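In what follows, a single structure is set out as structure tokens and then discussed.
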């Protein structure tokens, strides 16, 4: 499964801190990171905190990753200015809402605007097209961020996550 | 007795040794610089609300080093949720001091919520932080939190370097040595 493959990439890249605001699409990956003794999973009250966490960790010499839903991108826009100005490496894994097959209309505006918002703030956006392509994309994102001091977001398409209704989400 | 912000911050950073310091944007960034610029200072020029979270990330990455966040009441108010996040993580090596002049000092000295009685120490305590007097902040058990009520005064700017990439690189080299460039 792709969450297990992402977790293997994070572990291999020596990611030690995992900041997250929960999302149904990230449920499995969050559980894997919580169970991994080489990582510390940090639950956040808003996605913005994850940028401060990642920047502070990098000042201290540790690698991190930030997990969020696409709606969370709207909460981090101003703080991405620090990431750009300081050239902090940043890897954000975004589970998409508000695109293919969305069932909550309130998710659609941010889901549709988030890519432009990220790119406007200098984040490189990568969107794997298939489940098989997710792990290689995360691998490349980790290298781009930590070898080249870039901010990189990997978008996990809603079609791959595959949740189609409130009922299905609640049953997760 | 009325406290003056520069005196408080100078006292907090006296004989600082291995201390790692993050300052929130605005007056507290000028305060830590007035006390003596250091590569182990990270004065923020933006990202309002994130000083405490920068401190948390740094404290988790460097558990053997004391990390001190010095920030203002307006900056702390913008990141109140971070106190809940820090309360959950319980970093033993992190201290946060709010230099509280009850004003937004960079924008015309408008009153903040703390001027109307909002109690930041009460919030921190409810989130599980160890609230203590600011004088104890160098070695109180973390996550420690203090508020120093200071005079609302306009004092000369003492500006640290502005370039973010420089501030980041000098901090990492001072902390991590030559390895900073190859991690």
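Give me the tail of P(r) for the protein assembly as shown as a percent: Cα-Cα pairs with distance above 36 Å. For the protein assembly as shown, the fraction of Cα-Cα distances above 36 Å is 21 percent. Taking every alpha-carbon pair under 8 Å whose residues sit at least 6 apart, chain A reaches a relative contact order of 23 percent. Rounded to the nearest 500, the helix-only mean residue ellipticity at 222 nm of chain B stands at -9500 deg cm²/dmol, with each DSSP H run of n ≥ 4 adding -39,500 (n - 2.57).
Here the translational diffusion coefficient of chain A follows from Stokes-Einstein with Rh set to the Kirkwood radius across Cα pairs; for 10 °C and 1.306 mPa s it amounts to 100 µm²/s. Hydrodynamic analysis of the range A:1-76 uses the Kirkwood radius over alpha carbon pairs. Inserted into Stokes-Einstein at 25 °C and 0.890 mPa s, it gives a translational diffusion coefficient of 198 µm²/s. Once you've got the GNM for chain B with C-alpha springs shorter than 10 Å, pick whichever of B:29, B:121, B:51 has the biggest mean-square fluctuation. Of the options given, B:121 has the highest mean-square fluctuation. The value for the range B:1-69 of Rg(Cα) / (2.2 N^0.38 Å) is 1.08. Averaging sequence separations of C-alpha pairs under 8 Å and six or more residues apart, then dividing by the length of chain B, give the relative contact order as a whole percent. Reported relative contact order: 24 percent.
Percent of C-alpha pairs per 10 Å bin in the range A:90-150, short distances first: 20, 45, 30, 5. Counting only DSSP beta bridges whose two residues both lie in chain B, roughly 10 percent are antiparallel. Note on the range B:55-133: percent of Cα-Cα distances in each 5 Å bin, starting at 0 and stopping at the bin with the largest distance, equals 3, 16, 25, 24, 16, 10, 5, 1. With a ≥ b ≥ c taken as the square roots of the eigenvalues of the C-alpha gyration tensor of the range B:1-145, please select rounded if a/c is under 1.5 and otherwise prolate if a/b is larger than b/c or oblate if it is not? In terms of gyration-tensor shape, rounded.
Rule-based calculations on the coordinates, nothing more; no lab input. Owing to the predicted nature of the structure, the values given are computational and were not obtained by experimental measurement.
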